[in-house]
1. So, in segment 69-90, how many residues would count as being within 9 Å of S122 (Cβ to Cβ) and polar (S, T, N, Q)?
2. For I24, only one of the following conditions fails: (1) surrounded by fewer than 17 Cβ atoms within 10 Å (Cβ to Cβ); (2) in contact (Cβ under 8 Å) with a residue 60 or more places away in the chain; (3) not aromatic (F, W, Y). What is its number?
3. Quick check on this structure: which one of L104, L83 is modelled with pLDDT under 95 and surrounded by 15 or more Cβ atoms within 10 Å (Cβ to Cβ)?
4. What residue, among those in segment 30-79 that are surrounded by fewer than 16 Cβ atoms within 10 Å (Cβ to Cβ) and touching a residue at least 60 places away in the same chain (Cβ under 8 Å), is nearest to W2 (Cα to Cα)?
5. Of the conditions (1) part of a loop (DSSP other than H, G, I, E, B); (2) of a type in the set (D, E, K, R); (3) closer than 21 Å to G86 by Cα, D37 clears all except one; give me its number.
Amino acid sequence: MWRSILAVLAGIFAGGFLVFLIEIPGMLMHPLPPGADMNDVEVLRSHLEKAPLGALVLVAIAWTLGPLVGSWLAATIAGRAFLGHGVIVGMFFLAADVLNIRSLPHPAWLNVVGVVAPILASWLGAFLAQRSAVRRPSGPQPSDLREKNMAC
């Protein structure tokens, strides 16, 4: 159980950090005006309405790659129930995107990305983790027989 909890937390943290890293160039492309208050919703709304397409595309990429990497990491660390761990991380990112979309106006295409991308990306991340997982064959192996002095 602890491994699963830590795996999900690691996935959320890593995915969130990746989102932050990807969004930095967009923040540099379109910085807030000097003296702008980050708590003033109206200032943020007007700023976002003037955002260039490149900055918004970076947000869409971040909202896709964050859940992908986070769910892959969580599922890989957990090593079992790959889809379950990946979906939990994806639901966190979906909730964060929906809160972001509800608080600030975004273009319609970015709203769709914010809802669809975390779902598809978390599934893909969990799928990739499951495909790359090392499977040990079940049953006794020749090396097991030697260790137990059962070899012929």
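1. Within segment 69-90, residues that are within 9 Å of S122 (Cβ to Cβ) and polar (S, T, N, Q) number 1.
2. (2)
3. Numbers: L104 fails: surrounded by 15 or more Cβ atoms within 10 Å (Cβ to Cβ).
After ruling out the rest, the residue left standing is L83.
4. That would be G79.
5. If we test D37 against (1) part of a loop (DSSP other than H, G, I, E, B); (2) of a type in the set (D, E, K, R); (3) closer than 21 Å to G86 by Cα, just (3) comes out false.
The values are calculated or read from the model by the stated rules, or taken from the named source; none is laboratory data. Owing to the predicted nature of the structure, the values given are computational and were not obtained by experimental measurement. No Cβ is skipped: glycine too gets one built from the backbone with ideal geometry, and neighbour counts run over all protein chains shown.
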